[in-house]
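The values are calculated or read from the model by the stated rules, or taken from the named source; none is laboratory data. The model shown is predicted, which means the values in this text are computed figures rather than measured ones. Heads up, the Cβs are rebuilt from the backbone with ideal geometry, glycines too, and the neighbour counts pull from every protein chain shown. With ligands, DNA and RNA removed, areas are computed over all heavy atoms of the protein, side chains included. Shrake-Rupley method; radii C 1.70, N 1.55, O 1.52, S 1.80 Å.
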Amino acid sequence: MKLTALEIKQQTFEKSLRGYDPSEVQAFLNLVASEWEHMNARLKELEIQIDKMNDKLSHYEKVEEALHETLQTARDSAEQKLSGAKKEAVSVVEKAEMEANSIVQKANDQRQHIRQSLLRLLDRRKEIIGGIRSYLDLANDSLEQFSRDEASLFNLPDEEDLDRQIRDRLNTSGAGRKNTNRESQKEPEPSGAEEESKDMDDILDRID
């Protein structure tokens with residue numbers, strides 16, 4: 001049963017011949033009622049403080065839960081960003097390797113194209129040099145033949161001398177052609193153009 005300070009003060013006892021002194025009992029009851037009232041007031045204050053503490057505790061628990069959620073979200077976001085950065089780095093490296101391989105392949109193709117172009121130019125140069133040399137040899141032979149025949153144009157030999165000259169001319173022409181064939185079969189001496197060709201071959205070797 002819950003007692004109040006007023007009930008304690010109004011509490012009565014039956015009197016007997018050898019009972020307690022009513023004034024002392026009443027004084028004690030008043031003291032107990034006063035203490036009881038004080039304790040109830042203190043209890044209410046403590047209950048109020050406990051309610052406030054519970055409210056703060058609930059607030060802190062919510063804050064803690066929100067912090068945990070925030071930390072978890074931040075952790076997940078960081079992991080996602082890290083994973084994305086790794087994938088992007090791998091993609092960048094692969095793309096760079098592909099571009100590097102493409103550049104190297106293009107450089108090799110260009111080097112091969114330049115080499116083939118140089119080879120064609122060298123072949124064409126040799127053909128031109130050979131054609132000019134053949135033309136000069138033929139012109140030189142014609143000039144020498146013309147020089148040999150120039151003096152005889154102003155002489156009027158008799159019939160016997162004319163027949164002899166014709167035979168000699170024929171023999172000379174045949175020998176000249178033989179000598180020309182033998183000279184054409186000889187290997188030409190290295191000229192400045194051939195030395196330049198060797199230099200071009202060295203350039204091609206360095207390109208390879």
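Looking at this structure, is residue 66 of a type in the set (A, V, I, L, M), out of contact with any strand residue (DSSP E or B) (no Cβ under 9 Å at 6 or more places or on another chain) and either modelled with pLDDT under 90 or open to solvent by 100 Å² or more (accessible area, probe 1.4 Å) (or both)? When the stated conditions are applied, residue 66 does not pass them.
Could you say which residue among 147, 117, 173, 134 is among the polar types (S, T, N, Q), modelled with pLDDT of 90 or more and out of contact with any Ser or Thr (no Cβ under 7 Å at 6 or more places or on another chain)? Criteria check complete, one pass: 117.
Here is a yes/no grid of residues against (1) over 30 Å from residue 8 (Cα atoms); (2) in contact with a helix residue (DSSP H, G or I) (Cβ under 7 Å, 6 or more places away or on another chain); (3) open to solvent by 100 Å² or more (accessible area, probe 1.4 Å); (4) in a helix (DSSP H, G or I):
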position: 38; (1), (2), (3), (4): no, no, yes, yes
position: 46; (1), (2), (3), (4): no, no, no, yes
position: 50; (1), (2), (3), (4): no, no, no, yes
position: 103; (1), (2), (3), (4): yes, no, yes, yes
position: 107; (1), (2), (3), (4): yes, no, no, yes
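Of all the residues in the range 111-132, those that are open to solvent by 80 Å² or more (accessible area, probe 1.4 Å) and touching a residue at least 40 places away in the same chain (Cβ under 8 Å) number 3.
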